[in-house]
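*Asks:* What follows is a structure written as structure tokens; I'll ask about it next.
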């Protein structure tokens, strides 16, 4: 395990946050696209060591690479190629994104709207899917759902030029007729053709509530769906790891054929774990899962489990550091392994265990922790998306702005090199809540980030949501240009 790379600042002041986010940067302008002025971007947290004392009141000496050498010099963040909000009059958000070979995107999430950039609405909220071209124009839009709240949480391209989408439903009607025990969370998966038409749609009830965590095309044909659910029975292991069965989760693999039929389901392949497991495709059609469990002293530890293409346990790695992983992604451009992101609130040096902090890490092919980065203890935030392209590792999430007494949440993106040195950070947003939830990288190093925005100023166009006298969120896509050392 490499040494942790840390950036410490226990007492973040408004002036130091301005140095990071270059505040004030709020304006009344509502023309968002392609803003790249300094007020719209976060300066790199890392600075050349010789200039650190003169520029920021931060301890740059605490940020080192895994081998203990000095951190990378300052890189200005790359330009934003385009940024656009999507949605209708209701609350809309993206929860997943895939970068496509033609330079376009497939973005998916949840929408409470029935018009605008949304096809329709069958109930409280539907799964929402947009196919975008390389400039952000909508190619087609789809809604999937019933009378209950439904969402799409994972997307991937399929080898035939179509797409596979997975999510969670609470409906027993509409696109999910006959689903048992209405009100319980049930995972679903759908195959869409290149035009967005449904080829097949399946739901997968189990012994209790379950949520989709990842879906991908299997190299042997068909697809694999990774679902998180409550353990089927109470056990001493669950009590120890989570504090009780109802607070515990485990992961199962469902193997699908080309028509969406279930070939087999195997589980648990990982767990018991605290809620919020992160999963991603692994080598040869297998999978990798990251999760957290409780320790006997009231703390937590993180675990990573590898799963074979046949749904069998391969290996498990444990770290006593105990952060919470929220996203995983393959990292084929650096000799294999995985890129991860999450929340470093637990047991990090100088931090409050109850305050989340953005955390970026790299795992080797068999789950060994090669390096990690976490932003200063005084910053409150987390990363929820991870991606890698040609040796650059990306994370995306949010950071709270203490200048506004915690009332403002901004989009945060960051990048690191193969040695774990932080290259740049980027902050965007307005006066409302703006979060990045998912990330995907194009070949060549461009980054697509998807999430939500409830701002009507700063870097955002006016959102359309006006429910119950308040402004709701729109889905937000940001494309960041390639920027490699």
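The values are calculated or read from the model by the stated rules, or taken from the named source; none is laboratory data. Everything quoted here is computed from the prediction, not taken from an experiment. All Cβ positions, even for glycine, are placed from backbone atoms using ideal geometry, and neighbour counts span all protein chains on display.
*Asks:* Can you tell which of 67, 102 is assigned to a loop (DSSP other than H, G, I, E, B) and either modelled with pLDDT under 90 or touching a helix residue (DSSP H, G or I) at 6+ places or on another chain (Cβ under 8 Å) (or both)?
*Replies:* On the way: 102 fails: either modelled with pLDDT under 90 or touching a helix residue (DSSP H, G or I) at 6+ places or on another chain (Cβ under 8 Å) (or both).
The unique qualifying residue is 67.
*Asks:* Let me ask you something else. With respect to residue 90, determine if the residue is assigned to a loop (DSSP other than H, G, I, E, B), more than 18 Å from the chain's Cα centre (by Cα), on the phi < 0 side of the Ramachandran plot and at pLDDT below 95.
*Replies:* yes
*Asks:* Can you confirm whether residue 146 is in a loop (DSSP other than H, G, I, E, B) and at positive phi?
*Replies:* no
*Asks:* While we're looking at this one, here's another question. Taking only the stretch 113-143 into account, find how many residues are part of a loop (DSSP other than H, G, I, E, B) and buried (at least 23 other Cβ atoms within 10 Å of the Cβ).
*Replies:* Start the filter on the stretch 113-143 by keeping residues that are part of a loop (DSSP other than H, G, I, E, B), which leaves 113-124, 133-137.
Add one more test, that the residue is buried (at least 23 other Cβ atoms within 10 Å of the Cβ), and what stays is 113, 118.
Selection size over the stretch 113-143: 2.
*Asks:* Look through 390, 370, 408 and report the one residue that is more than 23 Å from residue 213 (Cα to Cα), touching a strand residue (DSSP E or B) at 6+ places or on another chain (Cβ under 9 Å), at pLDDT 85 or above and surrounded by fewer than 24 Cβ atoms within 10 Å (Cβ to Cβ).
*Replies:* On the way: 390 fails: at pLDDT 85 or above; 408 fails: at pLDDT 85 or above.
Going through 390, 370, 408 in turn, just one is more than 23 Å from residue 213 (Cα to Cα), touching a strand residue (DSSP E or B) at 6+ places or on another chain (Cβ under 9 Å), at pLDDT 85 or above and surrounded by fewer than 24 Cβ atoms within 10 Å (Cβ to Cβ): 370.
*Asks:* Are any residues in the stretch 267-292 surrounded by fewer than 21 Cβ atoms within 10 Å (Cβ to Cβ) and in a strand (DSSP E or B), and if so, which ones?
*Replies:* Within the stretch 267-292, 268 is the sole residue that qualifies.
*Asks:* Also, quick follow-up: With respect to residue 250, determine if the residue is free of Cβ contacts under 8 Å to residues at least 40 places away in the same chain, under 20 Å from the mean Cα position of the chain (by Cα), crowded, with 19+ Cβ neighbours inside 10 Å and in a strand (DSSP E or B).
*Replies:* Values: free of Cβ contacts under 8 Å to residues at least 40 places away in the same chain: yes; under 20 Å from the mean Cα position of the chain (by Cα): yes; crowded, with 19+ Cβ neighbours inside 10 Å: yes; in a strand (DSSP E or B): yes.
Yes; evaluated as a whole, the condition is true for this residue.
*Asks:* Now, a different point. Taking residue 325 and the conditions (1) at pLDDT 85 or above; (2) not in a loop (DSSP other than H, G, I, E, B), which numbered condition does it fall short on, given that it satisfies the others?
*Replies:* Against the list (1) at pLDDT 85 or above; (2) not in a loop (DSSP other than H, G, I, E, B), residue 325 comes up short only on (1).
*Asks:* For the stretch 199-232, which positions are in contact (Cβ under 8 Å) with a residue 24 or more places away in the chain, more than 18 Å from residue 311 (Cβ to Cβ) and not in a strand (DSSP E or B)?
*Replies:* Of everything in the stretch 199-232, those that are in contact (Cβ under 8 Å) with a residue 24 or more places away in the chain, more than 18 Å from residue 311 (Cβ to Cβ) and not in a strand (DSSP E or B) turn out to be 205, 208, 209.
*Asks:* Using the structure shown, decide if residue 196 is in a loop (DSSP other than H, G, I, E, B), in contact (Cβ under 8 Å) with a residue 60 or more places away in the chain and surrounded by fewer than 23 Cβ atoms within 10 Å (Cβ to Cβ).
*Replies:* Spelling it out, residue 196 is indeed in a loop (DSSP other than H, G, I, E, B), in contact (Cβ under 8 Å) with a residue 60 or more places away in the chain and surrounded by fewer than 23 Cβ atoms within 10 Å (Cβ to Cβ).
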